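J.: I have a structure I would like to understand better, so I am pasting it below and will then ask my questions one at a time.
The values are calculated or read from the model by the stated rules, or taken from the named source; none is laboratory data. Note that the structure is a prediction, hence the values are computed from the model and not measured. Surface accessibility is based on the protein's heavy atoms, side chains included, excluding ligands, DNA and RNA. Shrake-Rupley method; radii C 1.70, N 1.55, O 1.52, S 1.80 Å.
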Amino acid sequence: LKRKKSGADTPPPPPPLSPEVAFEKELRILLAERLLEKDDIKTFHLRMSEIFRRYLGSRFSFYALESTTGELIGVLRQKTIEGEMIRKVEAFCEMNDPVKFAKWIPGTEESERLISIAREIVERTTRKDG
């Protein structure tokens, strides 16, 4: 008979990453794949959207991955996010949604702008302790 190992000698799992650290980690992985250079624009935009929405959901405690843009903005308004940040989230979605849903293929500069917008939102919405 094999004995089950007791949990006592198993180290505890590491604490979960903060939303902003998880965002940067996922973004680095995405950028390392060089999808824009490989002309895989749609995959880049789909993944960028997932990473950004996962951040928003984690930061503001709601499930954002399958929300429509309208639902996403509605929840953020309820969370009393400042208007400028909501406009930036809307800008991100307005740039991203046509690629995801209407087969629009933007230029590399426009795709890179998504990264800038997302990073700015993450930076501005990260809780500063102290």
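J.: List, in order, the whole-Hz ³J(HN,Hα) value for each residue of the stretch 13-24 obtained from phi through the Karplus relation with A = 6.51, B = -1.76, C = 1.60 and θ = phi - 60°; use x for Gly and Pro.
T.: Using θ = phi - 60°, the values come out as x, x, x, x, 5, 5, x, 6, 5, 4, 4, 5 Hz.
J.: Hey, what do the phi angles of the stretch 53-65 turn into as Karplus ³J(HN,Hα) couplings, whole Hz, using 6.51/-1.76/1.60 and θ = phi - 60°, x for Gly and Pro?
T.: 3J(HN,Hα) across the stretch 53-65, in whole Hz: 5, 4, 4, 4, x, 5, 5, 10, 6, 8, 8, 9, 4.
J.: Also, quick follow-up: May I ask which of LYS79/LYS103; LYS25/LYS103; LYS42/LYS88 have a Cα-Cα span longer than 25 Å here?
T.: From the list (LYS79/LYS103; LYS25/LYS103; LYS42/LYS88), the Cα-Cα distance tops 25 Å for LYS79/LYS103; LYS25/LYS103.
J.: Leaving ligands, DNA and RNA out of it, report the carbon-plus-sulfur percent of the accessible area of the chain at a 1.4 Å probe.
T.: Exposed carbon and sulfur together represent 53 percent of the surface.
J.: So who's got an amide H within less than 5 Å of the one on ALA64, skipping anything under 5 residues away but keeping other chains? H placed 1.01 Å off N, in plane.
T.: Long-range HN contacts for ALA64: GLY57.
J.: To continue, here is another question. Viscosity 1.002 mPa s, temperature 20 °C: give me the Stokes-Einstein translational D for the stretch 52-130 in µm²/s, with Rh taken as the Kirkwood radius over C-alpha pairs.
T.: For these conditions, the coefficient is 163 µm²/s.
J.: Using the heavy atoms of the protein chains and a 1.4 angstrom probe, tell me the accessible area per residue for the chain in square angstrom.
T.: 67 Å²
J.: Turning to a different aspect of this structure: Expressed as a whole percent, how much of the Cα-Cα distance distribution for the stretch 1-87 exceeds 16 Å?
T.: 66 percent
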